[in-house]
Amino acid sequence: MSLVTLTIDGQQVQVPPGTTILAAARQAGIRIPTLCYLEELNVIGACRLCLVQVEGARALVAACVTRAAEGMVVHTSTPAVRHARRLNLELIMSNHPRECLTCLRNTSCELQQLAAELGVGEIRFQGEVSPYEVDDSSPAIIRDPRKCVLCRRCVAVCEKVQGVSAIAVQERGFDTVVAPAFLAPLGEVNCVNCGQCSLVCPTAAIHERDETEKVWAALADPQMHVVVQTAPAVRVSIGEMFGLEPGSIVTGKLVAALRRLGFDKVFDTDFTADLTIMEEGSELIHRLQNGGRLPLITSCSPGWIKFIEHFYPSLLPNLSTCKSPQQMFGALAKTYYAQKEGIDPARIFVVSIMPCTAKKYEAGRPEMNSSGYRDVDVVLTTRELGRMLKQAGIDFDSLPEEDYDAPLGISTGAGVIFGATGGVMEAALRTAYELVTGATLVSLDFEEVRGLEGVKEASVNLAGTELKVAVAHGLGNARKVLDAVVNREREYHFIEIMCCPGGCIGGGGQPLPVDNEIRARRIAAIYQADRQMPLRKSHENPAVQALYREFLGEPLGRRSHELLHTHYTPRERF
Amino acid sequence: MKSLAELDKLREKLQDEMRLREGREDVKVVVTMGTCGIASGAREVLTAILEEVSKRGLKGVTVTQTGCAGLCHCEPLVEIERPGRDKVIYGHVDEKKAREIVVSHLVNGQIIKEWIIK
Amino acid sequence: MELYRAHVLVCAGAGCISSGCQAVKSALVESIDRLGLQREIKVVETGCMGPCDLGPVIVVYPEGVFYRQLKPADAVEIAEEHLLKGRVVERLLYKAPEDGKTAVTSDQIDFFKKQTRIALRNTGIINPESVEEYIARDGYRALGKVLTSMTPEEVIECIKKSGLRGRGGAGFPTGLKWEFSAKAPGKPKYVVCNADEGDPGAFMDRSILEGDPHSVLEAMAICGYAIGANQGYVYVRAEYPLAVQRLSLAIEKAREYGLLGESIFGTGFSFDVEIRVGAGAFVCGEETALLASIEGRRGEPRPRPPFPAQEGLWGKPTVINNVETWANIPPIILNGPEWFASIGTEKSKGTKVFALAGKVNNTGLVEVPMGTTLREIIFDIGGGIQGGKQFKAAQIGGPSGGCIPARYLDVPVDYESLTRLGAIMGSGGLIIMDEDTCMVDLARFFLEFVQDESCGKCSPCRIGTKRMLEIVERITRGEGREGDIELLEELGQSIKSSALCGLGQTAPNPVLSTIRHFRDEYEAHIYHKKCPAGVCRALMVYAIDEEKCNGCGRCALVCPAGAVYGEKKKPHRIDLEKCLRCGTCMEKCKFGAIYTI
C-alpha cells in the first residue's frame, strides 16, 4: 500500500491512505485540539474545535473527519483557524454554567483545559442557556444537561460499545439534548448503570452519584461499626487518582488509607470472590452432572445483570443464581461476622469501594436484604474514594503498606483476578478442575481467556468431558455470544460476561481517563498481583473453608441458598 | 409495454386528444350551438362528428362549438376551417349528413357542394 | 382516451385549492352534467399553473381562454355561456393591473408570455394522474431513447454537455455528479430524488411532483441507466400529502405500463422507485441528512467528503438531485444538450423556477431563462410592486440566501452573479420586499427560522445562530449596543467558515447580506433607536397631533402605563418616559390624532 504525502504546517508527512488529518498531525508532533472526537467510536466532526485550513477548500475543515490526500497542504495555526476554534469554544462556553470552582470535574474537565489552551479571554455572549434540569432519577448515574457540550461521546459508547442505547440525541437546534427517548428519566429506562458514559464525558454532564457524605456521616457516628470491602480492580487503579502510573499495585496503601479514614475493619471483596467460586463452581458441576440448564452464565457484574433482564430475559434461567461478591460480602458481614464478633447487625454499616457505578444500583435492589437489613449500605466508586482521601488530606503515596483484617480480608489470587476480563472464568476453572478431577493443576494460567480480545473461547478437559467456555466483556461483545447461543450457532457449558470493556478494571467508576492502553496496564497488574499471592485457588482459602465449617455448612447448602443466592426479574426492552 | 415501438404507437393515439390543448390544429370543425342550433339538433350533430372523427382516428382535427351565427333559419350549421382556405359552411345538417361531411370533406377532401350555404 | 370537443383545465395546485378550486370544479362538473355536455367536454384537474394569486383559475381549450378568481357561480356561467353557447364570459377574464387591458388567452398575459417552461412544461397542462397524458406529451420517450440507442457514457456526456447544474442550491454540475457515481466502486448504486422542500414560501418542487410526477420518475430511471443503479427513492416531506398521493399513483401506473420495473422496453434494464416520507425537518433537505433519514437514522448532516456520489445511501454510490433538476432531464435527452445549453448564460444554462412571493402584484410560480434580470421577473412577470410602492429588496435563495437591493435590479440572475452579491440561487424562493420592510426585522425573521431548524449537531450552528438571533433581537428591541454590528459580522463569518454542513454555513447569510446592503438601517436601530421602516414596535415614538385631538380621553383610558395625560376636552400628550410603545392608544383614537415618528 503506497503512502499518502501531505504537508502540514510546512512539514512533509507520510501516512497510509485513509488516515485523518488529525492522526497525520499527531504523527508529525502537531497537536490539534479536539472535544467530540473519540478514537474509532465518535468521529463526527461536531464540535468544530479541530478545524484546520486546507488549501483550496471553501471553508475550514474538521481534522478529525477529513482524510489526508496526496499533495494536500494543511495549516493548523493560521489566524483564521485560531479565531474560528476560539470562537467556537467561546460559543460552547456561553452555554455552559460557569461553576468550575464547585464542579465535580474541577481540574479534570476537558472543556476547562481547552479554554486554558485556546486562550478564550472573555465570553461575550450572555444569552439563553440549555433549558434542561439535572436528572438524578438513577441511583448510579447523574445527568446534568446544563453542563453537556453535546459531543455525543456518551451516546457513541452506549450504542456502539454497550449496545444499549439508553441515551440518544433528542430534540433539535439549541434545544438539542442527550437523554433517554422521550426525555424519560434515566432511572426509568433500560440504562444498565455501567457508567461507561461517565468515563468518556469531557465535563461533568454525566457522572456517578456522589455518596461520600453518607460515608463521612457513618464514620463520624460512634454508634456505628463501619466496615469496608474493596473490589479487586480498585487496588490497581486508585493510585492513578494520586498521580501514580496506571497499573500500579497499591493494595497495602489502600488498606492503610482506609484505616486512616476511620473504618473499623478493612475487608476484601476478594474473600467473597473466592466464596463465589465455591458456590458458582459447585453450581456448574451440579448442572453438568444433573442435566441442568446450560450454558451457565456468570452473575458477578450488575450492569450485565440488568442488561440480560432487559434484553435477553429468556436466558435468565442460564444465569448463575450466585449473588455478586459484593452482595455476598454484605450478607455475611451482617450475619456471620456480626455473630462471630458479637456485634448487633443493626449497628454494622457496610461500605463497598467498587470500580463500578452499577454496584450502586445492585446494592439497592429489593432482593439484597437477606441479612434482614440492607446488606450493603453505601457503594463508593474508586473516584469517590479518591476524593474522600484527598478531602482527608491523606498523602496516599507515602502511606505504609498494611494488611487486610481477618477473616473477611483473607483471599487468594483467584479472587484478585475477578478484576480482569476472563478472571472469573480462570478462577472457576482452577477450582472446578481440581474438585472434579481430584488432581492438582500443573499450570494455573489459562492464557486463552485473558486479554482484551472481545470474545474469547477455550476448551478444558475435565475428567474426560470437554468443557467449552466463552468469555465476553463489553455488552456489545456479550450480545455476540448470546446471539450465538440463542441461534444455536455455538454450544458452551460456561460463559463469563463482564459488562465493561476489559472487565472491572475498566469499570464506569474508575479513575479517568480510561483507554485500551490503560486497561491493558491495569490487567497486567491484576495478574501480577495474582502471581504474588501465596494461595491462588479459591478452594484453598482457609477463611472460606472456616466459613463453611463454622457457618454455611456446604456449598449450595440451605444457608448458602438463603444468603448467597438470588433471583432475577425480566424487564422491558425499553 | 414491451418495446419503444409500442410506446410510440400508444403516444400517437393519445396525442389526438392532447392536440386540443396545443392550439396548433390543422382543421377546425365548428358547430354553431346557440339556442337556435341546439333546438334544431346541433347537439346530435356535434356528437356524431366527434364519434366519426374519433372512430377514424383523424389527426389534427379540432371539433369545437360557437354561439349563434345569425343564420338561424339554416341551423344546425357546421363550419369547416382549413388554414389558408376559405371557410366552408354547411347548413341544415343532421346526424347523417354530419357523418358524411366527416367522410367526404375531412377524410377525402371533397366538399359536398349541395349542402353549402356559403 | 376519447375525443372531446373541449377540455377544461382546472388548476388544482395548492394555491388554488386553498382559494376554493374544488367547489368551482364541482359547480362546473354539475353544470356540464345538467346541460348534457359530459360526452363533449372533459374536465381535467391539473397541477399548479403558476399565477397563484389569481386562483381559482381554469383554462378552456381549444381556444385557450383563461378565467381567473372564480367562484362556483362563475363556473355555472362559464358552462352555460362558454361551453354551451360558445360565448366567452368577458367579465371573468384577466385584466392587466397597469392598463386594464383584457387578455382572453393566457399567452396574452405578461405573466405567462415572458416565461420559458422546461421543468414546468407539463405542469398545469396535463392531468397529473394520467400517465396517458404524460405519454402523449412525449413522456418516457427520453427513457426509451437512452435505453435503446445510447450507452450510459453517452447519457452522462449528454447531461454534462447540456451544462445543467443542480437546482437545489449549490449548483453542482449534474452530469459530473452522475459521472462520479458511475465511476465509483461499490454496488448496488442508488438514485435519490430530494423532494424535501423546506424553504418558507417555496413550492417549486411540490408543484412539479403534484403537476407532473412522471417527469421525475422518468429522469430517475434515465440516471439509473447512466450510473448502473436499479433502485430509486423519492424523499418527500409528509406535509405534501397530495404530492405523495400523486407520486404513488404515478409509480403504480408506470409499473402497470412497464415503464418502471423489470426489463423496461424489453431491454433488460430494470429500475424501480420507492417513496420515503420524511417528517419535514428543514435540515433533511441537506443531502447527507436526507440519506440518514432514509436509512432510518436521525436526520442530521455528516461531514463531506466523502460525497454521496461516492459513499451515499448505506455507504453506496448515490446520485441525489432535487425535483426541478430531475424534471429538466427528459427534455435535454430528447432535444439534445445543445438546445438546452443555448438557453441561459455562459455558466448557468437552462431555466430556473422561482416561487414569487411578497409585495409583488402577481405572485406564483414562474420559470425563466437563467440570466433574466430581477427587474424582468419582478416588474414584467410579477407586474411590479403592490400599491405602487417602491421596491426595496428581494430575498433570494430561501432563509439561508441573501437580499438584493434595488441598485442590483439589472443584474442577471445566475449562480455566479448571485454569489457575488452575497446571496445564493438556493432552490428558488424569491420574496419581494417594499419600502415598508425593515431589513433588520427581516434578518431576524429568517435567522429565527434557520436557528429553529438547526439540527443541533455542530456547535457553531447550534449555539452561534442562537447568539446571532439574540443580538439581532435586542437590536430590534432598541437595546442594540455599540459593537453589535461588528460582533454579528464576526460571528457570521466564523459560522460560515466553520459549520459542518451547507445549511449551517449559509445560515448567517440573511444577517450578513442585510448588513452589507443596509448597514445604515442597523445603525439607525442601534445608535438612533429608530426603525426607518416603522416596523420595530419597540422603537416607535408616539405623538399626538394637537390639531386633531379633541380631548375625548379614550387614549388615556386604554393606556396600560398611564403615559397619556391631559385635561378633558383639551389636547392630550404622551409621556415618552412611561410609554411602553404598545400602540393601543393609536388603535383606539377615532380621530387619527395619534401618530408615530
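Each value in this text was obtained by applying a stated rule to the coordinates, not by laboratory testing. The structure displayed is predicted, hence computed values, not measured ones. Glycine gets a Cβ as well: all are built from the backbone with ideal geometry, and neighbour counts include every protein chain shown.
Quick rundown of the values:
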{"read-out": "CD proxy at 222 nm, helix term only [per DSSP H run n ≥ 4: -39500 (n - 2.57); per residue of the protein assembly as shown; nearest 500]", "value": "-10000 deg cm²/dmol"}
{"read-out": "Spin-label pair B:ILE111/A:ALA546, simplified geometry with 7 Å Cα→Cβ offset, distance in nm", "value": "13.3"}
{"read-out": "Interatomic Cα distance distribution for region C:437-582, bins of 10 angstrom, percent", "value": "12, 34, 23, 16, 11, 5, 0"}
{"read-out": "Principal axis dimensions, largest first and in whole angstrom, of region C:187-270 by Cα", "value": "42, 27, 16"}
{"read-out": "Value of relative contact order over chain C, rounded to a whole percent, pairs C-alpha under 8 Å and six or more apart", "value": "11"}
{"read-out": "J(HN,Hα) series, region C:590-597, from Karplus relation 6.51 cos²θ - 1.76 cosθ + 1.60, nearest Hz, glycine and proline x", "value": "7, 10, x, 8, 9, 9, 10, 9"}
{"read-out": "Relative contact order [Cα under 8 Å, 6+ residues apart], region A:4-93, whole percent", "value": "34"}
{"read-out": "Nearby lysines by direct alpha-carbon distance to C:LYS160 (threshold 18 angstrom, same-chain neighbours under 8 apart not counted)", "value": "C:LYS145, C:LYS177, C:LYS183, C:LYS347, C:LYS349, C:LYS352"}
{"read-out": "Residue-wise HN-Hα coupling along region C:195-200, computed from phi with Karplus coefficients 6.51, -1.76, 1.60 (Hz; x: Gly, Pro)", "value": "10, 9, 6, x, 4, x"}
{"read-out": "Chain A - charge dipole about Cα centre, Lys and Arg +1 at Cβ, Asp and Glu -1, debye rounded to 20", "value": "880"}
{"read-out": "Whole-Hz couplings from phi, Karplus 6.51/-1.76/1.60, listed for region A:359-370; x for Gly and Pro", "value": "4, 5, 5, 4, 5, x, 4, x, 7, 9, 9, 6"}
{"read-out": "Tail fraction, Cα-Cα pairs, region A:463-506, threshold 11 Å, whole percent", "value": "65"}
{"read-out": "Set of lysines near C:LYS389 by C-alpha distance (under 17 Å), chain-local residues within fewer than 8 positions excluded", "value": "C:LYS359"}
{"read-out": "Beta bridges by DSSP in region C:351-434, antiparallel share as percent, to the nearest 5", "value": "80"}
{"read-out": "Separation of alpha-carbon centers, region C:229-284 and region A:83-134, rounded to whole Å", "value": "48"}
{"read-out": "Using a Förster distance of 25 Å, the FRET efficiency for C:ARG297-C:GLU239 (Cβ separation, nearest 0.05)", "value": "0.75"}
{"read-out": "Cα shape, region A:332-432, gyration tensor, a/c 1.5 rule", "value": "rounded"}
{"read-out": "Amide hydrogen neighbours beyond the local backbone of A:ILE348, cut-off 5 Å, H modeled", "value": "A:HIS225"}
{"read-out": "In nm, spacing of pseudo-spin labels at C:SER18 and C:GLN69 (7 Å Cα→C-beta vector)", "value": "1.8"}
{"read-out": "Angle between chain A longest axis and helix A:79-94 axis [Cα atoms, degrees, rounded to 10]", "value": "50"}
{"read-out": "Cα Rg, Dmax, region C:6-113, angstrom units", "value": "12.8, 40"}
{"read-out": "Proxy reagent accessibility, fewest Cβ within 10 Å first, across B:SER54, A:SER538, C:SER106", "value": "B:SER54, C:SER106, A:SER538"}
{"read-out": "GNM top mover of B:ILE38, B:ILE80, B:ILE49 - chain B, alpha-carbon springs below 10 Å", "value": "B:ILE38"}
{"read-out": "Three semi-axes of the equivalent ellipsoid, region A:130-208, Cα gyration tensor, whole Å, largest first", "value": "16, 13, 13"}
{"read-out": "Simple Cβ-charge dipole of chain C, Lys/Arg +1 and Asp/Glu -1, about Cα centre, in debye nearest 20", "value": "920"}
{"read-out": "Total lysine pairs under 17 Å (Cα atoms) in region A:283-422, excluding pairs fewer than 8 apart on one chain", "value": "6"}
{"read-out": "Calculated P(r) of region C:131-341 - Cα pairs past 21 Å, %", "value": "48"}
{"read-out": "Cβ neighbours within 10 Å from other chains - mean over C:254-261", "value": "2"}
{"read-out": "Chain B, relative contact order [Cα under 8 Å, separation at least 6], %", "value": "27"}
{"read-out": "For the protein assembly as shown, fraction of C-alpha pairs farther apart than 66 Å, in %", "value": "28"}
{"read-out": "If the convex hull is drawn through the Cα atoms of chain B, its volume per residue in Å³", "value": "115"}
{"read-out": "Neighbourhood net charge (15 Å Cβ-Cβ; Lys/Arg +1, Asp/Glu -1) for A:ALA458", "value": "-4"}
{"read-out": "Modelled FRET efficiency - R0 35 Å, A:HIS567 with A:LYS480, Cβ distances, 0.05 increments", "value": "0.85"}
{"read-out": "Net charge of Cβ neighbours under 15 Å - reference A:GLU362; Lys, Arg +1; Asp, Glu -1", "value": "+2"}
{"read-out": "Amide H contacts under 5 Å for C:VAL273, placed H, 5+ residues apart", "value": "C:GLY232"}
{"read-out": "Calculated FRET value between A:LEU3 and B:LYS2, using beta carbons and R₀ = 41 Å, to 0.05", "value": "0.15"}
{"read-out": "Kirkwood Rh, Cα atoms: Rg over Rh of chain C", "value": "1.03"}
{"read-out": "Assigned charges on the beta-carbon of Lys, Arg, Asp, Glu; region C:540-596 dipole about Cα centre (debye)", "value": "220"}
{"read-out": "Debye log10 I(q)/I(0) at q = 0.06, 0.10, 0.11, 0.12 Å⁻¹ for chain A, Cα point scatterers", "value": "-0.32, -0.86, -1.01, -1.17"}
{"read-out": "Where labels lie 7 Å past Cα in the beta-carbon direction, separation of A:ASN516 and B:LYS96 in nm", "value": "9.9"}
{"read-out": "Where no second cysteine Cβ lies under 4.7 Å, the cysteines concerned in chain B", "value": "B:CYS68, B:CYS74"}
{"read-out": "Selected from B:GLY67, B:GLY91, B:GLY41 as most flexible by GNM, with chain B as the system and alpha-carbon contacts under 10 Å", "value": "B:GLY67"}
